1. Would you mind stating whether A:I51 is away from chain B (no Cβ under 14 Å), buried (at least 24 other Cβ atoms within 10 Å of the Cβ), touching a residue at least 60 places away in the same chain (Cβ under 8 Å) and aliphatic (A, V, I, L, M)?
2. Here is a list: A:F202, A:F146. Which entry is at pLDDT 95 or above, over 18 Å from B:G104 (Cα atoms) and of a type in the set (F, W, Y)?
3. Considering only the stretch A:96-104, I want to know if a residue exists there that is surrounded by fewer than 22 Cβ atoms within 10 Å (Cβ to Cβ), in contact (Cβ under 8 Å) with a residue 12 or more places away in the chain, assigned to a helix (DSSP H, G or I) and out of contact with any His (no Cβ under 6 Å at 6 or more places or on another chain).
4. For the stretch A:1-52, which positions are more than 22 Å from A:L145 (Cβ to Cβ), in contact with a helix residue (DSSP H, G or I) (Cβ under 7 Å, 6 or more places away or on another chain) and of a type in the set (S, T, Y)?
5. For B:N75, indicate whether it is under 25 Å from A:P233 (Cα atoms) and either within 14 Å of chain A (Cβ to nearest Cβ) or of a type in the set (F, W, Y) (or both).
6. Can you pull out the residues in the stretch A:167-184 that are assigned to a loop (DSSP other than H, G, I, E, B), in contact (Cβ under 8 Å) with a residue 24 or more places away in the chain and at the interface with chain B (Cβ under 9 Å from one of its Cβ atoms)?
7. How many residues does the stretch A:119-134 hold that are part of a loop (DSSP other than H, G, I, E, B), surrounded by fewer than 24 Cβ atoms within 10 Å (Cβ to Cβ) and in contact with a Lys or Arg (Cβ under 7 Å, 6 or more places away or on another chain)?
8. For the stretch A:1-95, please list each of the helices (runs of 4 or more DSSP H) lying entirely inside it that holds at least 3 residues being touching a Ser or Thr at 6+ places or on another chain (Cβ under 9 Å).
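The values are calculated or read from the model by the stated rules, or taken from the named source; none is laboratory data. Quick caveat: nothing in here was measured; it's all calculated off a predicted structure. Ideal geometry is used to build each Cβ from the backbone, glycine not excepted, and the neighbour counts take in all protein chains shown.
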Amino acid sequence: MISKRERERYKRQMALFGEEGQERLKRSHIAIAGAGGLGSPVAIYLAVAGIGTLTIVDNDMVEVSNLNRQILHSDRDIGKRKTASAEGKLRDLNPDISVRVIDTTIDATNAASLIGSADGIVDALDNFPTRYVLNDVAIMKNVPLFHGAVRGFYGQASTIIPYTSACLRCIFPKAPPKETVPVVGATAGFIGMVQATEVIKFLTNRGELLTNRLLIWDGMQARAEEIAIKRNPRCESCGDTTTAMRKK
Amino acid sequence: MRRYNHCHEEKVMKVKVRFFARFKELLGTDIVVDAATGIALNGLIRDIAAKNSEGYDEIFDENGTFKDFVILMRNGKRIDSTDAPQTKIEDGDEIAVFPPVAGG
């Protein structure tokens with residue numbers, strides 16, 4: 001049930017998707033993998049939108065060089081765990097939701113249990129090997145993965161609905177080389193907003209999701225373009241053979 | 001008297017190549033080129049990328065093969081980079097070459 005206080009808090013968005021939509025957000029649980037450049041704006045907007053439970057997983061400490069983009073963390077948080085800093089900020093922003101934080105590194109051995117019973121996973125990671133792990137967990141649990149990634153003034157995003165749309169490995173069969181990427185906070189903000197919007201649309205069952213499309217943002221030219229993508233029937237992660245084997 | 005040699009004149013095709021993100025910074029984009037009949041996708045992009053060695057090295061390995069993470073699209077359809085040498089370019093094709101980004 002939506003309380004009187006919540007009804008007031010969410011009044012302006014309930015005009016879009018009604019009490020029923022707000023109830024859905026309240027009953028939902030979203031896992032955010034990473035509390036950095038993408039994770040910060042995603043977590044903030046999902047918290048204020050009233051997603052009932054947020055799980056945030058990160059294993060880093062706040063460093064001064066994070067602060068140009070990781071807007072969940074403040075100067076006074078330098079040296080704190082990112083999870084602790086995130087938890088405090090999100091509780092301040094919206095005490096009506098439940099925030100769970102897990103201070104660990106995601107890998108193939110723990111990913112499924114970290115994600116638990118979440119209704120969707122936000123990819124706010126900074127590397128492809130762990131993204132592939134999340135992709136596999138999303139497929140195994142049959143929950144959506146909201147992908148985003150940034151570099152400099154460029155970003156990309158796509159929404160993955162397992163077995164329905166192209167998965168992360170269908171889109172990117174091979175990881176780009178590892179590097180310390182330059183990034184401006186506003187780019188992470190832009191892509192994070194696309195991801196947060198997708199989560200809200202998915203949970204309230206509104207609009208057209210960014211599935212089978214890769215959105216490419218070029219901040220330098222102020223152009224957003226998209227590339228049509230398709231499921232790869234031979235995909236290592238979600239292809240027909242793999243799926244058939246999993247079903248056995 | 002001028003002589004025309006129609007038989008041996010190579011037919012030229014117009015092809016548009018779009019680079020994205022980092023590739024665009026180094027090589028430009030919306031490049032319309034006259035491509036020779038029969039040229040394959042890897043040859044086409046190699047010729048264009050050759051004008052900037054940094055751009056070339058971002059896209060191709062030392063054997064002149066597409067790096068495995070490079071995303072190739074032809075007229076909106078994905079081409080696996082391993083199929084690029086067998087993918088013949090046709091008049092009017094639009095090719096997109098895109099590097100995934102990984103930061104978060």
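1. On the way: away from chain B (no Cβ under 14 Å): yes; buried (at least 24 other Cβ atoms within 10 Å of the Cβ): yes; touching a residue at least 60 places away in the same chain (Cβ under 8 Å): yes; aliphatic (A, V, I, L, M): yes.
So A:I51 fits the description; yes.
2. On the way: A:F146 fails: over 18 Å from B:G104 (Cα atoms).
Only one candidate passes the filter, namely A:F202.
3. No, the stretch A:96-104 contains no residue that is surrounded by fewer than 22 Cβ atoms within 10 Å (Cβ to Cβ), in contact (Cβ under 8 Å) with a residue 12 or more places away in the chain, assigned to a helix (DSSP H, G or I) and out of contact with any His (no Cβ under 6 Å at 6 or more places or on another chain).
4. A:Y10
5. Working: under 25 Å from A:P233 (Cα atoms): yes; either within 14 Å of chain A (Cβ to nearest Cβ) or of a type in the set (F, W, Y) (or both): yes.
When the stated conditions are applied, B:N75 passes them.
6. Taking the stretch A:167-184 as the starting set, the residues that turn out to be assigned to a loop (DSSP other than H, G, I, E, B) are A:167, A:172-182, A:184.
Now restrict to residues that are in contact (Cβ under 8 Å) with a residue 24 or more places away in the chain: A:167, A:172-173, A:175-176, A:178, A:181-182, A:184.
Result: A:F172, A:P173, A:A175, A:P176, A:K178, A:V181, A:P182.
7. Step one: of the stretch A:119-134, the residues part of a loop (DSSP other than H, G, I, E, B) are A:119, A:124-127.
Restricting the remaining residues to those that are surrounded by fewer than 24 Cβ atoms within 10 Å (Cβ to Cβ) gives A:119, A:126-127.
Now drop any that are not in contact with a Lys or Arg (Cβ under 7 Å, 6 or more places away or on another chain), which leaves A:127.
Residues in the stretch A:119-134 being part of a loop (DSSP other than H, G, I, E, B), surrounded by fewer than 24 Cβ atoms within 10 Å (Cβ to Cβ) and in contact with a Lys or Arg (Cβ under 7 Å, 6 or more places away or on another chain): 1 in total.
8. Working: elements: A:4-9, A:11-27, A:39-49, A:82-93.
Where helices (runs of 4 or more DSSP H) fall fully within the stretch A:1-95 and carry at least 3 residues being touching a Ser or Thr at 6+ places or on another chain (Cβ under 9 Å), they are A:11-27, A:82-93.
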